[in-house]
1. Taking only pairs six or more apart or across chains, which ones have beta-carbon atoms under 6 Å, a first residue in the stretch 18-31 that is within 11 Å of Ile51 (Cα to Cα), and a second residue that is open to solvent by less than 60 Å² (accessible area, probe 1.4 Å) and part of a loop (DSSP other than H, G, I, E, B)?
2. Can you pull out every residue in the stretch 293-311 that is free of Cβ contacts under 8 Å to residues at least 12 places away in the same chain and either of a type in the set (Lys, Arg) or not in a helix (DSSP H, G or I) (or both)?
3. Spot the failing condition for Val241; the list is (1) open to solvent by less than 10 Å² (accessible area, probe 1.4 Å); (2) under 26 Å from Leu28 (Cβ atoms), and only one is missed.
4. If you check every pair at least six apart or on different chains, which have Cβ atoms under 7 Å apart with a residue in the stretch 253-281 that is in contact (Cβ under 8 Å) with a residue 60 or more places away in the chain first and a residue that is acidic (Asp, Glu) second?
5. If you go through the stretch 290-308, how many residues are closer than 22 Å to Val221 by Cβ, buried (at least 16 other Cβ atoms within 10 Å of the Cβ) and out of contact with any Ser or Thr (no Cβ under 8 Å at 6 or more places or on another chain)?
6. What about Phe347, is it within 28 Å of Leu262 (Cβ to Cβ) and modelled with pLDDT of 95 or more?
7. Working carefully through the options Ile174, Ile148, find the one that is open to solvent by 10 Å² or more (accessible area, probe 1.4 Å) and not acidic (Asp, Glu).
8. Does the stretch 269-280 include one or more residues that are open to solvent by 40 Å² or more (accessible area, probe 1.4 Å), farther than 24 Å from Leu248 by Cα and among the small types (Gly, Ala, Ser)?
Amino acid sequence: MVNYDTVLIRYGELSTKGKNRKDFIRKLDQNIRHMLKDFPALTYQRTFDRIYIRLNGEDPEKIRELLSKVSGISSFSFTEKVPSDLNAIEEACLRIASESGKHTFKIITKRHDKTFPLNSDGINRAVAGEILKATDLKVDVHEPELEIRIEVHSDFTYLTSEKIPGAGGYPAGINGKVLLMLSGGIDSPVAAYELMKRGLDVEAVHFASPPYTSENARQKVLDLAGMVSVYNQLRMRVHIVEFTDLQLEIYKAAGDPYAVTLMRRMMFRIAEQIAREEGCLALATGESVGQVASQTLESIACINEVISMPVLRPLICVDKVDIIDLARKIGTYETSILPYEDCCTIFDPKNPVTKPTSKKASFYESRFDYASMVEECVKNRTEITVHPAEAEDYL
């Protein structure tokens with residue numbers, strides 16, 4: 001089989017960038033090195049369209065698991081590095097095919113070095129001919145059991161029999177910072193993952209209502225922040241806001257129908273102030289249109305009007321089933337469904353308004369001094385930086 005000694009990383013979407021391409025690739029390189037910081041033997045080489053990592057004896061399986069979490073990588077392969085000589089290429093490919101245990105194969109060549117004596121098709125034919133002569137394998141160009149990929153460069157050629165999909169997107173942090181409203185449910189951790197994939201650095205704000213919400217609910221949010229931070233960021237700063245007094249005033253002033261609308265308007269006001277203090281360029285939520293009363297278009301418009309900062313909603317048109325599937329994929333689902341109530345569910349209104357108006361919302365808000373309470377919430381927040389697998393240490 002392939003004697004893995006090098007990881008070949010492909011950029012994918014980054015290759016479409018123009019003048020900023022170098023900045024994006026440099027950031028990806030930094031993120032990869034940070035993700036693999038516990039493997040000191042690794043050495044790196046960055047080129048125009050690839051990053052090469054020499055394993056130098058490090059465990060390929062551990063490297064594979066971590067690289068799959070790095071956004072900005074289109075795909076990667078564990079490869080064998082051989083001299084850019086046709087005989088050496090044929091010999092290595094024959095060994096890979098002979099030891100594969102497969103019955104059909106296909107050769108795929110990319111010739112980066114245009115001075116190599118044969119073009120890509122010529123290399124395909126030469127290598128396939130050697131395999132056909134020496135083994136019982138047959139060529140199948142449509143659905144082969146074995147694909148041997150050859151990348152020819154001026155000094156060395158890289159061989160692999162596997163192309164591993166990457167996370168795609170852009171390197172986390174390259175496109176600025178956002179403040180995500182992290183509730184502890186299924187949706188917001190998935191939103192965090194999607195934001196990171198688009199190159200955003202994500203901080204979070206969580207609204208707690210002690211003693212109505214428990215320490216377990218608070219811990220659940222920190223655990224989720226730690227889980228999702230593994231996807232390239234490797235840390236997430238969480239701002240915990242105690243919302244109890246303000247929430248109780250809202251229910252006194254507005255009663256049942258408008259309570260959720262006012263609560264969300266206050267959350268957005270608080271989040272915007274925190275975001276500006278922390279240098280965030282936008283807010284973000286895990287909202288999906290029509291999913292609950294506060295996520296109808298009328299509600300979104302009424303809630304949004306109290307702030308001027310942009311709000312990113314990466315799940316706005318995603319079906320709940322698809323959100324759950326993605327939560328399972330990134331490993332947050334089982335924690336998200338733990339039965340610890342957050343501040344949005346403990347005072348669950350029986351008849352929430354689905355088409356609130358600005359006039360009525362403003363009228364109810366005029367019944368109490370919410371501005372000073374918002375300022376207190378911002379001022380007295382708790383800030384915690386959570387790292388993967390360490391969230392339990394921060395309670």
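The values are calculated or read from the model by the stated rules, or taken from the named source; none is laboratory data. If you're wondering where the values come from, they're calculated on a predicted model, not measured in any experiment. Glycine gets a Cβ as well: all are built from the backbone with ideal geometry, and neighbour counts include every protein chain shown. Side chains are part of the model used for accessible areas, which takes the heavy atoms of the whole protein and leaves out ligands, DNA and RNA. Shrake-Rupley method; radii C 1.70, N 1.55, O 1.52, S 1.80 Å.
1. If the second residue must be open to solvent by less than 60 Å² (accessible area, probe 1.4 Å) and part of a loop (DSSP other than H, G, I, E, B), the pairs left are Leu28/Gly72; Leu28/Pro171.
2. Residues of the stretch 293-311 that are free of Cβ contacts under 8 Å to residues at least 12 places away in the same chain, as a first pass: 295, 297, 301.
None; the set is empty.
3. Val241 satisfies all of (1) open to solvent by less than 10 Å² (accessible area, probe 1.4 Å); (2) under 26 Å from Leu28 (Cβ atoms) except (2).
4. From residues that are in contact (Cβ under 8 Å) with a residue 60 or more places away in the chain, the pairs are Leu262/Glu365; Glu278/Glu203; Cys280/Glu203.
5. Pass one, the stretch 290-308, residues closer than 22 Å to Val221 by Cβ: 291-292, 294-295, 303.
Still in the running and buried (at least 16 other Cβ atoms within 10 Å of the Cβ): 291, 294-295, 303.
With out of contact with any Ser or Thr (no Cβ under 8 Å at 6 or more places or on another chain) added as a condition, the list becomes 291.
Residues meeting the conditions: 1.
6. When the stated conditions are applied, Phe347 does not pass them.
7. None of the others qualify; the one that does is Ile174.
8. Filtering the stretch 269-280 down to residues open to solvent by 40 Å² or more (accessible area, probe 1.4 Å) leaves 273, 276-277, 279.
Of the ones still in play, those that are also farther than 24 Å from Leu248 by Cα are 276-277, 279.
Restricting the remaining residues to those that are among the small types (Gly, Ala, Ser) gives 279.
So far as the stretch 269-280 goes, yes, one or more of its residues are open to solvent by 40 Å² or more (accessible area, probe 1.4 Å), farther than 24 Å from Leu248 by Cα and among the small types (Gly, Ala, Ser).
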